[in-house]
1. Would you check if residue 97 is surrounded by fewer than 12 Cβ atoms within 10 Å (Cβ to Cβ) and in contact (Cβ under 8 Å) with a residue 60 or more places away in the chain?
2. Identify, please: which residue in region 106-117 is among the small types (Gly, Ala, Ser) and open to solvent by 30 Å² or more (accessible area, probe 1.4 Å) and is, among those, farthest from residue 77 (Cα to Cα)?
3. Return yes or no: is residue 25 outside any strand (DSSP E or B) and surrounded by 12 or more Cβ atoms within 10 Å (Cβ to Cβ)?
4. Scan region 146-153 and give yes if some residue there is out of contact with any helix residue (DSSP H, G or I) (no Cβ under 7 Å at 6 or more places or on another chain), closer than 19 Å to residue 25 by Cβ and open to solvent by 80 Å² or more (accessible area, probe 1.4 Å), otherwise no.
5. Within region 51-76, can you find the residues that are of a type in the set (A, V, I, L, M, F, W, C), under 30 Å from residue 2 (Cβ atoms) and open to solvent by 20 Å² or more (accessible area, probe 1.4 Å)?
6. Going by the conditions given, is residue 106 under 21 Å from residue 141 (Cα atoms), of a type in the set (A, V, I, L, M, F, W, C) and within 17 Å of the chain's Cα centre (by Cα)?
7. Within region 125-138, restricting attention to residues that are open to solvent by 50 Å² or more (accessible area, probe 1.4 Å) and without any contact (Cβ under 8 Å) to a residue 40 or more places away in the chain, which residue is farthest from residue 2 (Cα to Cα)?
8. Given the options 45, 79, name the one that is of a type in the set (Ser, Thr, Tyr), open to solvent by less than 40 Å² (accessible area, probe 1.4 Å) and over 17 Å from residue 130 (Cα atoms).
Amino acid sequence: MDGEVQIRAVRPGDFNQWKPLWDGYNAFYDRKDETALPDAVTQMTWSRFFAEEEPVHAVVAEQAGRLLGLAHFLFHRSTISVEPVCYLQDLFTIEAARGKGVGRALIEEVYRRAKAAGSSRIYWQTHETNETAMRLYDRVANKSGFIVYRKGL
């Protein structure tokens, strides 16, 4: 990887480079082949990044015109704070970018944007088997101790 990595907001013209990152992220969580997200979900997700009324945002890591990673985040209300809270929903880098500071740079840009938006905190979750990512997360945030429960409806 040669050249400076820039972290910036995703642009409408980025779709063809963003989509393989998105697919890679989803494949990591076994959303592929017969369990892949429907195309309608991908298209809606993409459109939300550019809709002013949506609280969903995306930043990408770019080097020499090539996208290396993505971070998707959203703002929501909370019952325990007046300020909005930021949820970092998706974070992914290509394999060649791992261990080179790209993931950290994406997280730090989300921190910057959340602070600028007046958020009181940022949080995210990962799978308990994602040990590589957790080594980074342990350096840039504090483990909350909460366990996530969910039920499909």
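1. Taking the combined requirement at face value, the residue does not satisfy it.
2. Selected residue: 116.
3. Judged against the criteria, residue 25 is a match.
4. Checking region 146-153: at least one residue is out of contact with any helix residue (DSSP H, G or I) (no Cβ under 7 Å at 6 or more places or on another chain), closer than 19 Å to residue 25 by Cβ and open to solvent by 80 Å² or more (accessible area, probe 1.4 Å).
5. Correct list: 64 only.
6. Judged against the criteria, residue 106 is a match.
7. Across region 125-138, the extreme among qualifying residues is 128.
8. Of the residues listed, the single one that is of a type in the set (Ser, Thr, Tyr), open to solvent by less than 40 Å² (accessible area, probe 1.4 Å) and over 17 Å from residue 130 (Cα atoms) is 45.
The values are calculated or read from the model by the stated rules, or taken from the named source; none is laboratory data. Here the structure is a predicted model, which means the values were calculated and not measured. A quick note on method: Cβ atoms are made from the backbone with ideal geometry, for glycine too, and the neighbour counts reach across all protein chains shown. Note: areas computed on protein heavy atoms with side chains; ligands, DNA, RNA excluded. Shrake-Rupley method; radii C 1.70, N 1.55, O 1.52, S 1.80 Å.
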